Each structure stands twice: as C-alpha cells, then as structure tokens.
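What follows is a single structure, written as structure tokens, with notes after it.
The values are calculated or read from the model by the stated rules, or taken from the named source; none is laboratory data. Bear in mind that the values here come from a model prediction, so they are computed numbers and not experimental data. All Cβ positions, even for glycine, are placed from backbone atoms using ideal geometry, and neighbour counts span all protein chains on display.
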2 protein chains.
Amino acid sequence: MRIILCGFGVVGQSFAKLLESRSEDLYARYGLKPRIVGVFDRNGSAIDPSGLDINRLIDVKKKHNSVKKYADTKNSISGIEIINDLEAEVLIETTESNYKDAEPGMTHIISAMKRGMHVISVNKGPLALAFPSLMEIAAYNQVLFRFSGTVGGGTPILDFAKNSLRGERIISFSGILNGTTNYILTNMANGMSFNDALDDAKQKGYVEADESLDLDGLDAAAKLVILANWIMGMKVVMSDIKITGIRKIDSVDIKRAAEKNSAIKLIASCNKELTVAPKEISTVDPLCVSGTLNAISFTSEHSGTQTIIGRGAGGIETASSILRDLIDIRNESTKT
Amino acid sequence: MRIILCGFGVVGQSFAKLLESRSEDLYARYGLKPRIVGVFDRNGSAIDPSGLDINRLIDVKKKHNSVKKYADTKNSISGIEIINDLEAEVLIETTESNYKDAEPGMTHIISAMKRGMHVISVNKGPLALAFPSLMEIAAYNQVLFRFSGTVGGGTPILDFAKNSLRGERIISFSGILNGTTNYILTNMANGMSFNDALDDAKQKGYVEADESLDLDGLDAAAKLVILANWIMGMKVVMSDIKITGIRKIDSVDIKRAAEKNSAIKLIASCNKELTVAPKEISTVDPLCVSGTLNAISFTSEHSGTQTIIGRGAGGIETASSILRDLIDIRNESTKT
C-alpha cells in the first residue's frame, strides 16, 4: 500500500515511526505492507516510488527543518505535483487546520480523491468547512474517506458512536472537545487568573499558534461539525454552529459554579441546536473531567447515556488513529 | 430469524418489547425479521413456530407469573425439550447467573450450540466458569457466540475494546464493574454506615437475591473473566481471579481515602494479575464515578488511556445489547 504524506510535523513523524516499529506485526495481522512513497512539508518534498527510508527522513527533517534535502537533487517538486503525478493508494493529510479557506488541505484532499486515492485526514479544516461536499466527492470517485484523528486524537470517539452503538439511535450528545481550554478552565478553578492560566498553557505547548482556534471555540466547533455530520447524519458546516469562546469567563463565574458543586466547561453540544459555549457542569457528571482531557456523552434511545474520556491530542495518539484508519481502508478496499 | 428465549424476567420482557417496537426499522435497516418461536421460564413454556404474540406473552406472564398459560394445553414442554426439538437459528439465554455450576444456563447454551444455533448470553455464569471451553464448542459447531450484555449492560464495553481499539495493543485495564457496590460505597462516602447503605441499595432493588454476588465481588469477577478472555486473549476462569469484596470496608477507611482526595472503589483489574479488590482512586481520575455507574479504563500501547462510563445494568439497556448482538449475528452469518 503506497502512501503520500502531506505535512511532516509531530503527527506525520509519529505516524512514520509507528509504521516502522509495527511493520512486521501489521503484515502478520492485517496483511498490510505500507510504504511512504512521497512526503512534503512547507519547504519541500521527498519521493521514492519504492518507499522512503523513514529514519533518514526524520534525520533530514530535524537537521534542515524540511524533508527537502532527503535527495541530492537541487529542486524538489511541489506537494500538488506529487499528489497529481505519483502513484499511490492512500493520501494522508496532516497539515495545519485553518477555518478561513481550509487550504492547502482542501486542495490536497480533493485532488487525491479525483485521482482515485483513498484519503485519511487529521486536518479538521476541510471537514469543518465542507463536510457534506467532501463526502459526495469521495462517493462519486468511489474512494474511502476516514478522519478518526480529527475528534479525540487517539480516543476513538467517532468509531465508538458509529460502530459500538450500532442498532441504536443517538438522540443527543455533548462534550468537552478541546483540551487546551479545559486545561485553562481547570487551572482557573484552582485559583489562577485567565491570563496566568493561558500563559501556563502556552508554556506547556498546549495552545495553537493562532490562539483564537482554542479560546474562541473554533477547534471545538470544527469537531462538532464532524460529529454532527458523521454520527447524526446532519449536513452542516462551521457557519451553522453558534459559538461562544471562553475569553469572557472570570473568577466570579468560576466561584459561582463551584458553590453549586459545578465547574465551568466549554461544551460542544448537539441537541436540537448545535452550540459551543461555556456551561456549568456538575462535578459528579462523568463529563466533568479535568486538565487536558476530552470527554463526550452520547445519549441513545434505549441504552442510556455513555461517556467516553481520553486525551484529545498528542502526536503518537493521533498517529495511532491514522493507523486504525489505514487498517480500515485495507479491510474495506479488499472486501470486493 | 427464529429465536428461542430462555428466561422471561425483566431483561427477557424488555427484549421482546424492543423487538416489537423496532420491528419495521429492523427490517428496513438490517433486513432483520426476528420472531420468538419459543420461550420458557422456571414454571413452564410457550411455543409457536410461526412466532409468539409478544403482547399476549407479557400479559400472561404478568397474570400467572409464567408464560405457561399462553396456550390452553395442560402441560407445557420443558425448556431443554424446546432447545432440542424446536427449529430456530438463535438462542438467547437470560436466566439468572450462578457461579457454582452455572446451571441451567450452561446446559441451554451447550445444547443449542450442538444443534447449530447461534447463541447470545446475558447470563454471566457459564462464561465465568467455562469461557475457554464455550468458545471451543462454538467454533467446533461453527456457530456465533455473543455476550455484549454480560459486561456493562447497555454500555458497549466489550465492543469498544475489541473493535474501536482495533490495531492497538491493550496493555492493561481496570474498572468499576458492579454498580451495586459502587452505590453502597458512594453512600458510605456521603456518611452512611455500611449496613444503612446496604439496606438503602436493597430497597432500591439494586442488590441481587443472593447478596454475596455483589458484596463479595463475584459479579465483578465474572465480568473480569469475560474481559480477560475476550479482550486480552487469556484463557482463564473464575478460580483464576483473586477476589476481595467490600464487607470489611468501614468508615475509617472511607475517611482516610477522602483525606487524600480519593474514594474507595471496588476495582477489577487486569495488569499482570487478575484481581477484584477495594482500592483508593483519586477523585480526579475519570474512573472515579459515583452512584450505580460503571466505568472502565483501557490503557493501550500507543493511544493512551481511555475511559468509558455508563449504567451497567437495567432491563432496557441490557435488551438493547442483545439487539446489537442479534444484528451482529445477522451480519456475520449472511457474509458467506
């Protein structure tokens, strides 16, 4: 199985290492023999139709902050040329999410689908802005489209709701889908000011380069769009979500909640309306998790309410979700 | 799909009603047209090869405390005769769990498998005492064996670990698998004595007829056996578990835990050893849930620790898990 990898940051590198370390096991258990034939980052690319050497790739990236110097050639070809010209079965999109035009991820995904490649995306941008259209393009081109890592990182939230609850009708759900704001709110509940809590989160590397994605609820909203489409069969995009971030929360709000044995959490919910907003949650509610944890509660018609909790991010965790998607694609595409 | 139902208590009746209410939807979505052709309880049986009338069955059970009077015939045939003589594709075993000899459930399950019927069990007894053998008998007779409802009631714990975490290696897990003892311990943490908390749980109908199953950790241990076999591929039975119940927990232990921001919970864990015992759990650990809730945390090699929380019992919730198993059997058995 030949793979083109878009982006070679923390997630991309973790995934490449994971493939390397699990290669024997993947072949034995799933008949899966993946090789990365092309990879590119902001500054350049590396290709080898017979499979790139992963250790060398990581070394080169570390030294030169790009995979460009993998080969001795002077000019590396562009990402979009790789997608359009290189033979591969699967494209993995790991570039940064943006919610203005979702580029360059959007172009990567659509170009790959049109060429008949299956696509795995951990980039939320394209899904947040155009989920219904992307599903149509995938169906039209008869390719599989997977995105487990977009919600919950390594925690299989989408899969749980779609598969483990099969035969059930999910009526509503709500969750803490952004670990960064949860970390900030947890620190505020422990007495820190908003600014100190934000600084602490920044120091720990939890905050996106564009802090607005976390603080103004955009990241949580993007995940809500994906859940609403995939789990509830809605056809919605980012602009359908009513979003309020956490910038206006102060210590008075936090104290008032604590007096009621509650805590303020940034809750994304789907219950008639789609909203992202700070809400008071009882501390005995399983949803009320601390630190950078994510949590989501699904309420079904017959089997009650179930909550799933885990870390929502992390390179190796997200890489493990890409691998799950790859195994899925292998199983699905060899069915016929 | 013809079904024989063993036992017609809360779960059996909830399942029958669920089939009735979902019949159109089940046919439209899964091509599933289930009919119950035989049902029996402690006092008698009812059969109709063309499908029993579910409303009538429930009325008769309510009036006479048995399904025996469904037909006008004087003598109803025995459960084991039904299993051995009546034509059906699936047997659903819902009689009471016991951990001495697991009868009559064990005989029901084995007889059905030998006749080539697929089996769904929510009775934990046979699995706790003979999981490895039952899997072999199922394989030998080429039938499917499902038991989602034995762990977590309607919360798809087994499915989550087996399917949503596919491609991952689960290294260890631990959980609160018995809602009754969790309810008692929660009340004790709120100041009640053990005896008062037990009385309260009894009044609410949470305690098994044989209270030892809850208090001495047998119910939790049975679920641990099922998890260890199914998720970890171990070949173990009840006697392989080191079990300590909650009878010796007193208010001093509870207070000591609270001083450390912890709570005492009856924890079933699989981590080198298999044990069920009271342990102190930090109140910020997602596992530390209150009331009758169940919770389980799985730790995988790459995707971190994930916790799933839900009600572990309830007629309609457990019935919904039987339905999931039935859909599964339908999908699996029509694959070839």
Restricting to region B:131-156, count the residues that are at the interface with chain A (Cβ under 9 Å from one of its Cβ atoms) and of a type outside the set (G, A, S).
2
Could you tell me which residue of region B:237-251 is surrounded by the fewest Cβ atoms within 10 Å (Cβ to Cβ), considering only residues that are touching a strand residue (DSSP E or B) at 6+ places or on another chain (Cβ under 7 Å) and either free of Cβ contacts under 8 Å to residues at least 60 places away in the same chain or closer than 18 Å to B:G175 by Cα (or both)?
B:K242
Exclusive hit being more than 25 Å from B:E301 (Cβ to Cβ), touching a Pro at 6+ places or on another chain (Cβ under 6 Å) and more than 14 Å from every other protein chain (Cβ to nearest Cβ), set A:I267, A:I246, A:I226
A:I246
Select from region B:235-253 the residues that are in a helix (DSSP H, G or I), of a type in the set (A, V, I, L, M) and at pLDDT 95 or above and list them in ascending order.
B:M238
When you look at A:K272, is it surrounded by fewer than 22 Cβ atoms within 10 Å (Cβ to Cβ), at pLDDT below 95 and either more than 10 Å from chain B (Cβ to nearest Cβ) or closer than 29 Å to A:G12 by Cα (or both), yes or no?
yes
Mind listing whichever residues of region B:89-101 are assigned to a loop (DSSP other than H, G, I, E, B), in contact with a helix residue (DSSP H, G or I) (Cβ under 7 Å, 6 or more places away or on another chain) and under 26 Å from B:E332 (Cβ atoms)?
B:T94, B:T95, B:S97
A:I82: passes all of (1) under 24 Å from A:R330 (Cβ atoms); (2) in contact with a helix residue (DSSP H, G or I) (Cβ under 7 Å, 6 or more places away or on another chain) but (2)
Per the list (1) within 30 Å of A:L26 (Cα to Cα); (2) among the charged types (D, E, K, R); (3) away from every other protein chain (no Cβ under 13 Å), residue check on B:D159 breaks on (3)
Taking region B:313-336, which residues are of a type in the set (V, I, T), at the interface with chain A (Cβ under 10 Å from one of its Cβ atoms) and surrounded by fewer than 21 Cβ atoms within 10 Å (Cβ to Cβ)?
B:I316, B:I327
Checking the condition in contact with a strand residue (DSSP E or B) (Cβ under 8 Å, 6 or more places away or on another chain) and at positive phi, which residue from A:G167, A:G153 passes?
A:G153
Within region A:9-22, can one find any residue that is acidic (D, E) and within 14 Å of chain B (Cβ to nearest Cβ)?
yes
Select, from A:V284, A:V237, the only residue that is closer than 19 Å to B:I296 by Cβ and aliphatic (A, V, I, L, M).
A:V284
Given the criteria surrounded by fewer than 24 Cβ atoms within 10 Å (Cβ to Cβ), within 24 Å of B:I36 (Cβ to Cβ) and among the hydrophobic types (A, V, I, L, M, F, W, C), does B:V122 qualify?
no
Right, A:V37: touching an Asp or Glu at 6+ places or on another chain (Cβ under 8 Å) and without any contact (Cβ under 8 Å) to a residue 60 or more places away in the chain or not?
yes
Can you say whether A:I264 is part of a loop (DSSP other than H, G, I, E, B), touching a strand residue (DSSP E or B) at 6+ places or on another chain (Cβ under 6 Å), farther than 18 Å from A:R311 by Cα and not hydroxyl-bearing (S, T, Y), as far as the supplied structure shows?
no
Taking the options A:L127, A:L91, A:L144, name whichever one is buried (at least 24 other Cβ atoms within 10 Å of the Cβ) and either among the hydroxyl-bearing types (S, T, Y) or farther than 19 Å from A:Q13 by Cα (or both).
A:L127
Tell me which residues, restricted to region A:258-273, are more than 12 Å from A:G175 (Cα to Cα) and in contact with a helix residue (DSSP H, G or I) (Cβ under 8 Å, 6 or more places away or on another chain).
A:A258, A:A263, A:I264
For the subset of region A:288-312 comprising residues that are within 10 Å of chain B (Cβ to nearest Cβ) and over 20 Å from B:A161 (Cα atoms), which member is surrounded by the most Cβ atoms within 10 Å (Cβ to Cβ)?
A:V289
Among (1) surrounded by fewer than 22 Cβ atoms within 10 Å (Cβ to Cβ); (2) touching a residue at least 60 places away in the same chain (Cβ under 8 Å); (3) of a type outside the set (S, T, N, Q); (4) part of a loop (DSSP other than H, G, I, E, B), the one test that B:G153 misses
(1)
With (1) modelled with pLDDT of 95 or more; (2) in a helix (DSSP H, G or I); (3) crowded, with 24+ Cβ neighbours inside 10 Å as the list, and B:A161 as the residue in question, which single condition is left unmet?
(1)
